[in-house]
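Report on the structure given below.
The values are calculated or read from the model by the stated rules, or taken from the named source; none is laboratory data. On a predicted model such as this, the values are computed, not experimentally measured, just so you know. So basically every Cβ, Gly included, is an ideal-geometry build from the backbone, and we count neighbours across all protein chains shown.
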Amino acid sequence: MSKALDWISDLLFPNRCPFCDCFIPWNTVVCESCRSDIVFTDCCPKCGHSECECRYGDLEFDGCISVAEYAGKCREAILSLKHGYGFNAAKFLTPRLSEKLKEQGFAQTGSIITAVPMTYKRKNPTGYNQSEYIAKLLSKSLGLPTDFGLLGKRSSSPAQHELSAAERREAAKQAYFAKKGCKRAEGKTVILCDDIITTGSTLSECARILKSCGAATVYCAVLTETKRGPEGGNENVRA
C-alpha cells in the first residue's frame, strides 16, 4: 500500500533528489551522482563530532551519533528538509544513523525515541518538525516507540544559528522545558533526535531536562555535524 501511495504521489509531485534537486524515479531517494558525493563521517560516540569536541565542556547526554558532514550538497539537503518538505534527505541518511546506533548499543530494548521540540511559530510554515520526522523514521527502523510529549520550547527563544557558543548555552537554558508527560521517561533510555549538531548546547539542555525527569540514559541521534566557528558557533548553519 505504501509503495502504491508513493507512486501516485510521484505523479502529482515528481520525486527529486534532495542533494541536487534533479528528477529521480519514484522509488529512489537520491540520484547516483550525488550518492557518492556525500561525506559520511566516523564520529566520537560521546560528543557526536568526527573531530572530538568533548574538551569544550561537560555534556549532559551520555552519547551522540551523527553520520555526515553538514556541508556542500548535504547542507542544501538538510535545509530542504527544514524548509521545503525535502524528506528524501532524512530517508537517505536515517538508515545509516540507525545502524550506527545499534553498533554502539544505544538502541536498547525498552528505549523511547523523542525529538528536539519546535515552537508552533517555527513549525507552522511547513507544518512539521523535521526532528520529529527523523524520530519517526528511526522508530520504524529500530522498532522502538516515539513520545513527543516530553519536551517543549518557548516561543520567545532566539534562533540558535545566530549565536556564539556561550550565547547558545544560555539561550538553550531559557528555551526548553519539561512538559507534563516528561515523567514517562523515568527509568528509561531516551534517544533524542535532531538534524544538526554544532556546539551540542541544545541537545545537552534537552538531555539535562530529560534526566531531571528521571531518564536513566539519554543518547542523541543526529543526521549531520558541523564544525565550530571562531566564536564557537558556525557561520554555515542557518535555520
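Scan region 27-38 residue by residue and report those that are assigned to a loop (DSSP other than H, G, I, E, B) and either surrounded by fewer than 14 Cβ atoms within 10 Å (Cβ to Cβ) or in contact with a Lys or Arg (Cβ under 8 Å, 6 or more places away or on another chain) (or both).
Our first condition is that a residue be assigned to a loop (DSSP other than H, G, I, E, B); within region 27-38, this holds for 27-31, 36-38.
Answer for region 27-38, where residues must be assigned to a loop (DSSP other than H, G, I, E, B) and either surrounded by fewer than 14 Cβ atoms within 10 Å (Cβ to Cβ) or in contact with a Lys or Arg (Cβ under 8 Å, 6 or more places away or on another chain) (or both): N27, V29, S36, D37, I38.
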All positions within region 98-110 that are closer than 23 Å to S201 by Cβ and either out of contact with any helix residue (DSSP H, G or I) (no Cβ under 8 Å at 6 or more places or on another chain) or surrounded by fewer than 22 Cβ atoms within 10 Å (Cβ to Cβ) (or both):
K100, Q104, F106
Out of the residues in region 168-197 meeting the condition of being basic (K, R) and not in a helix (DSSP H, G or I), tell me which one is surrounded by the most Cβ atoms within 10 Å (Cβ to Cβ).
K188
Please find, within region 40-52, the residue that is surrounded by the most Cβ atoms within 10 Å (Cβ to Cβ) out of those that are free of Cβ contacts under 8 Å to residues at least 40 places away in the same chain and in contact with a helix residue (DSSP H, G or I) (Cβ under 7 Å, 6 or more places away or on another chain).
C44
May I ask you to verify whether K82 is free of Cβ contacts under 8 Å to residues at least 24 places away in the same chain and touching a strand residue (DSSP E or B) at 6+ places or on another chain (Cβ under 8 Å)?
no
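The rows are residues; the columns are (1) more than 16 Å from the chain's Cα centre (by Cα); (2) of a type outside the set (D, E, K, R).
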{"position": "C34", "(1), (2)": "yes, yes"}
{"position": "D37", "(1), (2)": "yes, no"}
{"position": "T41", "(1), (2)": "no, yes"}
{"position": "C47", "(1), (2)": "no, yes"}
{"position": "G63", "(1), (2)": "no, yes"}
{"position": "A68", "(1), (2)": "no, yes"}
{"position": "G72", "(1), (2)": "yes, yes"}
{"position": "R75", "(1), (2)": "no, no"}
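Examine region 122-132 for a residue that is surrounded by fewer than 18 Cβ atoms within 10 Å (Cβ to Cβ), part of a helix (DSSP H, G or I) and assigned by TED's automatic domain parsing to the domain that holds A175, and state whether such a residue exists. Spell out the reasoning first.
To start, the set of residues in region 122-132 that are surrounded by fewer than 18 Cβ atoms within 10 Å (Cβ to Cβ) comprises 122-128.
Still in the list and also part of a helix (DSSP H, G or I): 122-123.
Next, only the ones that are assigned by TED's automatic domain parsing to the domain that holds A175 stay: 122-123.
Yes, region 122-132 has at least one match.
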Filter region 53-75 for residues that are touching a Phe, Trp or Tyr at 6+ places or on another chain (Cβ under 8 Å) and in a loop (DSSP other than H, G, I, E, B); the one that is surrounded by the most Cβ atoms within 10 Å (Cβ to Cβ) is V67
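Considering each of F106, F23 in turn, give the residue that is at pLDDT 85 or above and more than 23 Å from I191 (Cα to Cα).
Numbers: F106 fails: more than 23 Å from I191 (Cα to Cα).
Answer to the check: F23.
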Pull out all pairs, ordered by first then second residue, where Cβ-Cβ is under 6 Å, the residues are six or more apart or on different chains, the first lies in region 12-25 and is of a type in the set (S, T, N, Q), and the second is modelled with pLDDT of 80 or more and surrounded by 18 or more Cβ atoms within 10 Å (Cβ to Cβ).
N15/I24
For region 156-167, indicate whether the set of residues that are surrounded by 17 or more Cβ atoms within 10 Å (Cβ to Cβ), part of a loop (DSSP other than H, G, I, E, B), out of contact with any Leu (no Cβ under 7 Å at 6 or more places or on another chain) and at pLDDT below 95 is non-empty.
yes
